[in-house]
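Report on the structure given below.
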Amino acid sequence: MGRLRWAAILLAIGVGWGLTQPLTKIAVSEGYEPLGLIFWQLALGAVFMFVFRRLSGKPTTLPPQLLWFFLLIAGLGTIFPNSFSYRAAAELPAGVMSVVISLVPMLAFPVALMFGVDRFNWLRLGGLVLGLCGVVLLAEPEALPDPAMIVWLPIAVIAPLCYAFEGNIVAKWGMHGLGPGHVLYGASLVGAIVALPISLASGQFIDPRTDWGPPEYALVFSSIIHVTVYTSYVWLVSRAGSVFAAQVGYVVTGTGVIWSMILLGERYSVWVWGAMGLILVGVFLVQPRDN
């Protein structure tokens with residue numbers, strides 16, 4: 001497959017992933033609480049992955065001895081980060097959330113050093129510093145529509161920090177002989193089983209027997225898009241290499257901002273554009289140079 005075709009696939013994945021940011025903003029626009037949204041995201045993802053794996057002849061059974069691993073991935077990959085990101089998304093512009101989520105590679109670098117799965121590099125440290133400078137720009141009072149929104153920035157950063165820990169845990173201890181799709185399916189199923197009673201007990205469960213509007217459709221579409229593009233991303237890593245596939249982060253950030261402008265009518269100050277520029281340059285420096 002030619003490099004141009006690989007680039008087109010990368011672009012398609014990034015555009016789809018970027019669309020989930022404004023869809024998330026729409027999903028939380030009418031007061032839905034995080035735990036209810038998380039349950040349905042996991043449940044829909046599990047159903048989608050179950051059907052996909054059955055049609056492709058792949059196993060759908062989960063090894064009982066690895067239930068703890070599926071729960072760990074569900075916790076760090078969805079339950080904990082989305083508990084904070086859904087809450088922050090209700091208060092922050094979707095474009096700003098797209099910029100914040102691009103911090104994952106930069107936060108992953110110090111976590112990797114802590115876990116001993118990477119070595120110190122001055123160039124990558126420079127990228128981390130640039131990313132932090134970008135966050136400082138976002139914290140400027142003139143960067144956000146309302147200066148009071150600044151209190152939600154640390155909440156939004158918790159999500160990429162969770163993803164950074166998740167990636168490094170997998171890098172250090174592996175996936176216990178399972179494929180990425182199998183792990184994603186198991187984490188979605190186990191996570192949904194755990195999230196259901198918690199959402200019911202907290203009163204945050206979302207009853208689907210309601211008048212459907214933009215929030216409900218946005219939740220369904222974002223859940224399907226997420227599991228589709230994530231599976232496609234894993235496939236792209238296996239075919240084109242991790243370094244090439246990692247560039248999807250630039251597309252996700254850029255298209256997330258553009259989709260937010262188109263669907264939500266958001267407009268951003270020069271501070272936000274400056275922060276996005278610094279963070280993307282930082283991501284470029286932090287990315288590993290070898291495949």
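Of the residues examined, F120 is one that is exposed (fewer than 14 other Cβ atoms within 10 Å of the Cβ) and of a type outside the set (V, I, T). Every condition in (1) within 23 Å of V248 (Cβ to Cβ); (2) under 16 Å from the mean Cα position of the chain (by Cα) holds for D118 except the one numbered (2). The selection criterion, being of a type in the set (V, I, T), closer than 24 Å to L189 by Cα and without any contact (Cβ under 8 Å) to a residue 24 or more places away in the chain, does not hold for V28.
When the stretch 13-60 is examined, which residues are found to be small (G, A, S) and touching a helix residue (DSSP H, G or I) at 6+ places or on another chain (Cβ under 8 Å)?
First, the residues of the stretch 13-60 that are small (G, A, S): 14, 16, 18, 27, 29, 31, 36, 43, 45-46, 56-57.
Those that are small (G, A, S) and touching a helix residue (DSSP H, G or I) at 6+ places or on another chain (Cβ under 8 Å): G14, G16, G18, A27, S29, G36, A43, G45, A46.
Restricting the stretch 10-45 to residues that are under 16 Å from G254 (Cα atoms) and more than 14 Å from the chain's Cα centre (by Cα), the residue that is modelled with the highest pLDDT is A12. Just checking, does the stretch 71-82 include any residue being in a helix (DSSP H, G or I), at negative phi, crowded, with 23+ Cβ neighbours inside 10 Å and touching a Lys or Arg at 6+ places or on another chain (Cβ under 8 Å)? Within the stretch 71-82, none of the residues are in a helix (DSSP H, G or I), at negative phi, crowded, with 23+ Cβ neighbours inside 10 Å and touching a Lys or Arg at 6+ places or on another chain (Cβ under 8 Å). Taking the stretch 85-109 as the range and being of a type in the set (G, A, S) and out of contact with any Asp or Glu (no Cβ under 6 Å at 6 or more places or on another chain) as the test, the residues that pass are S85, A88, A89, A90, A94, S98, S102, A108. Checking each residue in the stretch 96-119 for being modelled with pLDDT under 85 and either farther than 18 Å from G77 by Cα or touching a His at 6+ places or on another chain (Cβ under 6 Å) (or both) picks out V117, D118, R119. Within the stretch 32-68, the set of residues being of a type in the set (F, W, Y), in contact (Cβ under 8 Å) with a residue 24 or more places away in the chain and surrounded by fewer than 22 Cβ atoms within 10 Å (Cβ to Cβ) comprises Y32, F48, F50, F52. The requirement of being surrounded by fewer than 20 Cβ atoms within 10 Å (Cβ to Cβ), farther than 25 Å from T61 by Cα, modelled with pLDDT of 90 or more and touching a Lys or Arg at 6+ places or on another chain (Cβ under 8 Å) is satisfied by I155.
The values are calculated or read from the model by the stated rules, or taken from the named source; none is laboratory data. Since the structure is predicted, the reported quantities are computational estimates derived from the model, not experimental observations. All Cβ positions, glycine included, derive from the backbone under ideal geometry; neighbour counts span all protein chains shown.
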